[in-house]
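Student: Have a look at this one.
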Amino acid sequence: MIRSLLAAAGLAVALSGCALLSSPDPVQLYRFGSPEAVATRAVADPVQVKLRAVEFPQESQGDRLLGVTGTQAAYIKGARWVSPAAQLYADSLESAFAGQARSVRLIGRRELTPATRVLDIDVRSFETRYDEVGGVPTVVLSAHARLLRFPDRTVEAEQSFEVRQTATGNRIATIVDAYDVATRDLNARIVAWTDANATGG
């Protein structure tokens with residue numbers, strides 16, 4: 001009898017373990033940073049600018065969406081980016097330069113083209129902020145940009161940027177939309193700033 005009870009208990013534990021492993025919470029994948037079509041006319045001899053690896057805060061660089069309420073932080077359940085956020089952002093920035101820059105040509109991370117300037121982007125915040133639990137959040141993106149002359153590495157210009165985009169509701173889809181809008185806005189500002197500060201020579 002005792003042997004039968006032990007066997008039954010073991011089977012129940014095994015089945016419960018299988019149920020837990022085979023029934024994870026569903027996770028929807030999202031992306032951001034799709035560039036808007038912007039008609040620009042580049043100059044004939046653009047300044048070649050090399051993009052360094054974009055720095056990202058550790059808590060936001062992966063594929064999870066960070067939510068912050070006051071001093072508390074947690075990842076938003078049920079949603080992930082299709083790729084690490086740092087990679088998606090770098091891709092979106094390169095696309096923004098390709099479609100919007102006029103006086104510069106961004107040399108991507110995988111290119112070996114010689115450059116006379118280096119663009120250093122340090123993303124300081126990439127998060128969803130709530131004023132109160134359950135409220136409508138605001139996506140906050142901030143970055144510090146430095147434009148360096150190459151090869152002597154002297155700083156030609158530097159600027160901090162911050163974009164805040166309030167979601168239209170406290171739902172994952174609307175939060176992702178806010179990230180998309182905010183990313184395009186931040187990228188457009190960085191492109192325009194780089195265009196204005198990257199001088200020839």
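The values are calculated or read from the model by the stated rules, or taken from the named source; none is laboratory data. Predicted model, so just to flag it, every value in this text is computed and none were measured. Positions of Cβ are backbone-derived with ideal geometry, glycine not excepted, and every protein chain shown enters the neighbour counts. Note: accessible area is taken over every heavy atom of the protein model, side chains too, but ligands, DNA and RNA are not part of it. Shrake-Rupley method; radii C 1.70, N 1.55, O 1.52, S 1.80 Å.
Student: Given R₀ = 25 Å, FRET efficiency for Val136-Leu29 by Cβ-Cβ distance, to 0.05? Before the final figure, lay out the partial values.
Tutor: Working: r = 23 Å, r/R0 = 0.93.
For R0 = 25 Å, the calculated efficiency reads 0.60.
Student: Can you tell me what share of the DSSP beta bridges in the range 64-201 is antiparallel? A percent to the nearest 5 is fine.
Tutor: Details: 28 of 31 bridges.
Within the range 64-201, antiparallel bridges account for around 90 percent of the total.
Student: Please sort by residue number the trypsin sites (Lys or Arg not before Pro) in the range 83-166 whose DSSP state is loop and whose Cβ has at most 14 other Cβ atoms within 10 Å.
Tutor: Working: sites: Arg102, Arg105, Arg109, Arg110, Arg117, Arg124, Arg129, Arg146, Arg149, Arg153, Arg164; in loops: Arg102, Arg109, Arg110, Arg153.
Listed in order of number, the matching sites are Arg102, Arg109, Arg110, Arg153.
Student: Could you pull the accessible area for Glu156 with a 1.4 Å probe, rounded to 10 Å²?
Tutor: 50 Å²
Student: Regarding the range 148-201, what are the three Cα extents along the principal axes, ordered largest first, in Å?
Tutor: 49, 16, 14
Student: What length, rounded to one decimal in nm, is gained on full extension from Glu59 through to Ala196, with 0.36 nm per residue of separation minus their alpha-carbon distance?
Tutor: Details: separation 137, 0.36 × 137 = 49.32 nm, distance 3.22 nm.
The span from Glu59 to Ala196 would gain 46.1 nm if fully extended.
Student: At a 1.4 Å probe, what is the % contribution of carbon and sulfur to the accessible area of the range 54-112? Before the final figure, lay out the partial values.
Tutor: Working: 1330 of 3020 Å².
The value for the range 54-112 is 44 percent carbon and sulfur by accessible area.
Student: Next up: So what's the convex hull volume per residue for the Cα atoms of the range 97-192, in Å³?
Tutor: Numbers: hull volume 10.7 nm³, N = 96.
So the per-residue hull volume is 111 Å³.
Student: Evaluate E = 1/(1 + (r/R0)^6) for Ser160 and Thr113, where r is the Cβ-Cβ distance and R0 equals 25 Å; express this FRET efficiency to the nearest 0.05.
Tutor: On the way: r = 28 Å, r/R0 = 1.13.
So, using R0 = 25 Å, E works out to roughly 0.30.
Student: Kindly report the accessible area of the range 108-201 per residue (heavy atoms of protein chains, probe 1.4 Å, no ligands, DNA or RNA), in Å².
Tutor: Details: 4560 Å² over 94 residues.
The answer is 49 Å² per residue.
Student: Of all the accessible heavy-atom surface of the range 125-201, with the other protein chains kept in place and a 1.4 Å probe, what percent is carbon and sulfur? It would help to have the intermediate numbers written out before the result.
Tutor: Numbers: 1720 of 3610 Å².
Percent of accessible area from carbon and sulfur atoms in the range 125-201: 48.
Student: Also, I was wondering about something else. Whose amide H sits under 5 Å from the amide H of Gly67, counting only residues 5 or more places off or on another chain, with H placed in the peptide plane?
Tutor: Ala74, Tyr75, Ile76, Thr128
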